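These notes are about the structure you will find just below.
The values are calculated or read from the model by the stated rules, or taken from the named source; none is laboratory data. Here the structure is a predicted model, which is why all the values come from computation and not from measurement. When we count neighbours, we look across all protein chains shown, and the Cβ atoms used for this are built from the backbone with ideal geometry, even at glycine. For accessibility, only protein heavy atoms count, side chains too; no ligands or nucleic acids. Shrake-Rupley method; radii C 1.70, N 1.55, O 1.52, S 1.80 Å.
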Amino acid sequence: QVQLVESGGGLVQPGGSLRLSCAASGIIISAYNMGWYRQAPGKQRELVAFIISAGSTNYADSVKGRFTISRDDTKNTLYLQMNSLKPEDTAVYYCNAHRMTYITYDYWGQGTHVTVSS
């Protein structure tokens, strides 16, 4: 019954902002390493940002200083705040939850489209 549902994508002009949400059910996201990935047309899927269970964050060089990943544990929701958007940010953005103990758990959302264009 685990489900990750992304929302908040859409069309935005260069320099604009957008906030993506990932609503989780069936898992408690604070117990997982959570990440945002994206896949642009004709390119491989890449890791954009992640936040580990303890709260530390990391970002791809291409989005550092512009994107912020965060969790709201009371809402069990992951966010990606995207500022100063560029055309090269255009992609389908995916939410991921990952945890490895004696067994590996790996869950993906369906994706939300982000288009940056004037």
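Considering the range 1-23, and only residues there that are in a strand (DSSP E or B) and of a type in the set (Ser, Thr, Tyr), the residue that is surrounded by the fewest Cβ atoms within 10 Å (Cβ to Cβ) turns out to be 7. Filtering the range 44-55 to residues that are modelled with pLDDT of 95 or more and over 16 Å from residue 81 (Cα atoms) leaves 44, 45, 46.
Considering only the range 77-108, state which residues are of a type in the set (Ser, Thr, Tyr) and at negative phi.
Taking the range 77-108 first, the residues of a type in the set (Ser, Thr, Tyr) are 77, 79, 84, 90, 93-94, 101-102, 104-105, 107.
Hits for the range 77-108 are 77, 79, 90, 93, 94, 101, 102, 104, 105, 107.
Quick check, is residue 116 more than 23 Å from residue 2 (Cα to Cα) and in contact (Cβ under 8 Å) with a residue 60 or more places away in the chain? The answer is yes for residue 116.
Selection of the range 53-76 for residues being over 24 Å from residue 16 (Cβ atoms) and either out of contact with any Phe, Trp or Tyr (no Cβ under 8 Å at 6 or more places or on another chain) or touching a residue at least 60 places away in the same chain (Cβ under 8 Å) (or both) yields 54, 55, 56, 73, 74, 75, 76. The residue that is most open to solvent (accessible area, probe 1.4 Å), among those in the range 88-114 that are among the hydrophobic types (A, V, I, L, M, F, W, C) and at pLDDT below 95, is 100.
Could you tell me which residue of the range 37-52 is nearest to residue 115 (Cα to Cα), considering only residues that are out of contact with any Phe, Trp or Tyr (no Cβ under 6 Å at 6 or more places or on another chain) and open to solvent by less than 50 Å² (accessible area, probe 1.4 Å)? My answer is 40.
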